Each structure stands twice: as C-alpha cells, then as structure tokens.
Amino acid sequence: MTVTETELSGCYILEPSVHNDERGHFFESYNKEKFKKATGLDINFVQDNQSFSTHGVLRGLHYQVGEGAQAKLVRVCAGAVIDVAVDLRRESATFGKYVAVELSAENKKQLFIPRGFAHGFVVLSNEAEFVYKCDNFYSKKHECGIIYNDPTLNIDWKLSPDDITISPKDKDFPDFNNAVFF
C-alpha cells in the first residue's frame, strides 16, 4: 500500500497493492497496522456505510461536530466519483481549503479524511457504490453541512450544475461563512 499525504494535513490518499492474475485481482483494502505505520494514526473504525447513487448525484458536504466528529476512510467499489474533503479546523493553515480526488473501482484509491473535515462526493459514472468506514457512530444531533456550491470554497465538481442532483436536506445547508466549525 502506498500512502500519500495530501496538501491538507492529516488527509491521505491510499493506493493498495493489487495482485492480478488470470482469475481477476485481489487487494487488501484496509490493514490497521499498515495504516498506523504509514500515517502514525491509530484509528479505531466502528461503523461501515455503503451508498448506491446514479450519475450526477452529489452527497455532501457533510460532517459531525463535537463529540460526534468522525474520521472516514472512503472508497468506491463500483463506478467513479469525485471525492472532496474540506478542512474546517480553524487552527489549521489550510482552513477553508479542499482536496478533490477521483476515486473509482478501476483506480482503487481511497481517501482518509480526519475529524474536522467536511466531506462530499459526486458520481461521474452511470452508477456508483460508495463504501466508507467511520471512527465514530452517526449522531443526528451532531450533524452539520455546507452547501455544495458555496462560492467561497469554489469546489470544481467536474459536472455542470444542471447535471447535479442533490437532496432537499443538502440544498438547505448554510454557506461556508455561516457554517458551524470545530
């Protein structure tokens, strides 16, 4: 596994070692000890989630605050997405900056998003299966969000706004300047 820290401190791209042969392929999608050795982080994931979405579906930007904050390890097992992490840590040198990574079944990349970040993704392929681990349980009372098309963040979602489908809940999120931060 290759682990590369992004320009946002604590946010990592993971690329597994893939073993191909005539039967197909095999790779270790997560190994706690290898992750800890590569990042110095001792994360205890407690919940796995999976979503199915069609082309243009955008989920985000989501995060939880306070004792409900979550770190996530995200990947795509079918299809392709643009995955975005936004640094919401006020004390961080990269506060308000984002990283966008294409995650796909083909490239098998994963993104580790630490606590203190908002997260979202948009589906580029016809369909996508999105899988992620969390180090804390979902908590509705700690749930927050930022509108996906916030002009301050100016995220390039790689799709026209006309091609994006977003839930009513996500449409009601505040802009970056009115969001709750850590």
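The values are calculated or read from the model by the stated rules, or taken from the named source; none is laboratory data. For clarity, every value in this text was computed on a predicted model and none was experimentally measured. So basically every Cβ, Gly included, is an ideal-geometry build from the backbone, and we count neighbours across all protein chains shown.
Strands (runs of 3 or more DSSP E) wholly in the stretch 1-91 with at least 2 residues that are surrounded by fewer than 16 Cβ atoms within 10 Å (Cβ to Cβ) - which ones?
Details: elements: 2-5, 12-15, 18-21, 24-27, 47-54, 58-64, 72-78, 80-87.
Hits in the stretch 1-91: 2-5, 18-21, 24-27, 47-54, 72-78.
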Consider only pairs whose beta carbons are under 7 Å apart and that are at least six residues apart or on different chains; among these, list those whose first residue lies in the stretch 145-172 and is under 22 Å from ASN126 (Cβ atoms) and whose second residue is charged (D, E, K, R) and part of a helix (DSSP H, G or I).
TYR148/ASP170
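Just to be sure I understand, how many residues within the stretch 124-170 are hydroxyl-bearing (Ser, Thr, Tyr) and within 23 Å of LYS108 (Cα to Cα)?
Of all residues in the stretch 124-170, those hydroxyl-bearing (Ser, Thr, Tyr) come to 125, 132, 138-139, 148, 152, 160, 165, 167.
Still in the running and within 23 Å of LYS108 (Cα to Cα): 125, 132.
Selection size over the stretch 124-170: 2.
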Which members of the stretch 92-120 meet the condition of being farther than 16 Å from THR2 by Cβ, buried (at least 23 other Cβ atoms within 10 Å of the Cβ) and either out of contact with any strand residue (DSSP E or B) (no Cβ under 8 Å at 6 or more places or on another chain) or of a type in the set (A, V, I, L, M, F, W, C) (or both)?
ILE113, PHE117, ALA118
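Among the listed residues GLU129, GLU143, which satisfies the condition of being modelled with pLDDT of 95 or more, under 30 Å from HIS19 (Cα atoms) and of a type in the set (Asp, Glu)? Write out each step before concluding.
Numbers: GLU143 fails: under 30 Å from HIS19 (Cα atoms).
Every option except GLU129 fails the conditions.
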Candidate set from the stretch 122-148 (those that are closer than 21 Å to ASN178 by Cα and surrounded by 16 or more Cβ atoms within 10 Å (Cβ to Cβ)); member that is farthest from the chain's Cα centre (by Cα):
HIS142
Please work out which one of (1) in contact (Cβ under 8 Å) with a residue 24 or more places away in the chain; (2) of a type outside the set (Ser, Thr, Tyr); (3) over 23 Å from ASP87 (Cβ atoms) is the condition LEU14 fails and give its number.
(3)
Regarding the stretch 157-166, can at least one residue be identified that is under 15 Å from the mean Cα position of the chain (by Cα) and either modelled with pLDDT of 95 or more or more than 14 Å from ARG59 (Cα to Cα) (or both)?
yes
Take the conditions charged (D, E, K, R) and without any contact (Cβ under 8 Å) to a residue 12 or more places away in the chain and apply them to GLU127. Does it pass?
no
